[in-house]
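So that we are looking at the same thing, I have put the structure below in structure tokens.
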Amino acid sequence: MKKKQYINYLKYTTLILTLAGGSGVFAAPIVIEGVVPNDVSKQAILMKMRLVYGADQVVDKIQIRPVSAPNGWSDSVTQLIQNDLKKISQGKLTVRGTQVDLTGKLANPTEIQAMQNLYQSLVAAPYRFNSQFSANQAEQQLLDDTLKNRIIEFESGSAVLTATGMQILNEMANALNRVQNKNVKIIGHTDNQGQADKNMQLSLQRAETVKQYLIAKNIDKNRLSTQGLGASKAVADNATAEGRKKNRRIEFEVL
């Protein structure tokens, strides 16, 4: 009986926090999604997230459903929401029943063990903890600092760069010249307006446009790869004009 109940926890009571990181390529809001058993749990989690990240940096996609949850599940989850999470970029904190998984990138390799130790101390039985971290290193930080949370702009609905977009890419070319030994992935994103397949195509076209512009600035083409994700990785609410603007972005990821 207990085994069957535990399986229910893993299958139905789930929370996923997508961690962009305060110093990420684009200082993106944190997206919280999943299923919780009641509004009390939802509000407790949201309150802690807003306390750590700020109210305007939290995107709520939590659903309330009549599902089972381990005793004290809400308290256990909110305990995991610490200021140290802001050190993680391109990561996720996932709680499925009593299984806790934390992944992402850290700015310095020396931070990995400290982060693992912290969360191992926070996760108590019957919860189980697993982590997978990689070091972001100084090269990623250099590109992040150069982009400075700015948006590389294109003409509306097209892959044609604006003058402002070109100016930012001139700065990015200088930064890429300073990370000679690293390959970089250029990732295009769109908002959710229009058809999903066309958004996916447009996001890839924009990433390719950026790649070709940088090649023309003498960046080795063999160091650059592209990916288009369409609207699948929103960092803000697409229901608002400001949110859609934030979602139409280019990211640079050091590989």
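Could you check how many residues of the range 239-255 are surrounded by 17 or more Cβ atoms within 10 Å (Cβ to Cβ), in a loop (DSSP other than H, G, I, E, B) and out of contact with any Ser or Thr (no Cβ under 7 Å at 6 or more places or on another chain)?
Looking only at that region, the number is 1.
Every residue, every condition in (1) small (G, A, S); (2) in contact with a strand residue (DSSP E or B) (Cβ under 9 Å, 6 or more places away or on another chain); (3) touching a residue at least 40 places away in the same chain (Cβ under 8 Å), yes or no:
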| position | (1), (2), (3) |
| --- | --- |
| M166 | no, no, yes |
| E171 | no, no, no |
| Q201 | no, yes, no |
| V235 | no, yes, yes |
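Moving on to the next point. State all residues of the range 43-65 that are over 22 Å from K86 (Cβ atoms) and not in a loop (DSSP other than H, G, I, E, B); if no residue qualifies, say none.
Q63, I64
Results for (1) surrounded by fewer than 18 Cβ atoms within 10 Å (Cβ to Cβ); (2) under 29 Å from T240 (Cα atoms); (3) in contact (Cβ under 8 Å) with a residue 60 or more places away in the chain; (4) polar (S, T, N, Q), shown as yes or no for each residue.
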site: S68; (1), (2), (3), (4): yes, no, yes, yes
site: V77; (1), (2), (3), (4): no, no, yes, no
site: N83; (1), (2), (3), (4): yes, yes, no, yes
site: Q90; (1), (2), (3), (4): no, yes, yes, yes
site: D101; (1), (2), (3), (4): yes, no, no, no
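Residues of the range 121-163 being under 22 Å from N177 (Cβ atoms), acidic (D, E) and buried (at least 18 other Cβ atoms within 10 Å of the Cβ), which ones?
Across the range 121-163, the qualifying residues are E139, D144.
Scan the range 144-172 for residues that are of a type in the set (A, V, I, L, M, F, W, C) and either in contact with a Cys (Cβ under 7 Å, 6 or more places away or on another chain) or within 22 Å of Q57 (Cα to Cα) (or both) and jot them down.
L147, I151, I152
Name every residue in the range 205-238 that is surrounded by 17 or more Cβ atoms within 10 Å (Cβ to Cβ) and on the phi > 0 side of the Ramachandran plot, in order of residue number.
G230
Condition check: over 28 Å from G91 (Cβ atoms), not polar (S, T, N, Q) and not in a loop (DSSP other than H, G, I, E, B). Does K198 satisfy that?
When the stated conditions are applied, K198 passes them.
Bear in mind these aren't lab numbers, they're just calculated from the coordinates by the rules spelled out. Every value quoted in this text rests on a predicted model; they were computed, and no experiment measured them. Using ideal geometry, Cβ is built from the backbone for each residue, glycine included, and neighbour counts are taken over all protein chains shown.
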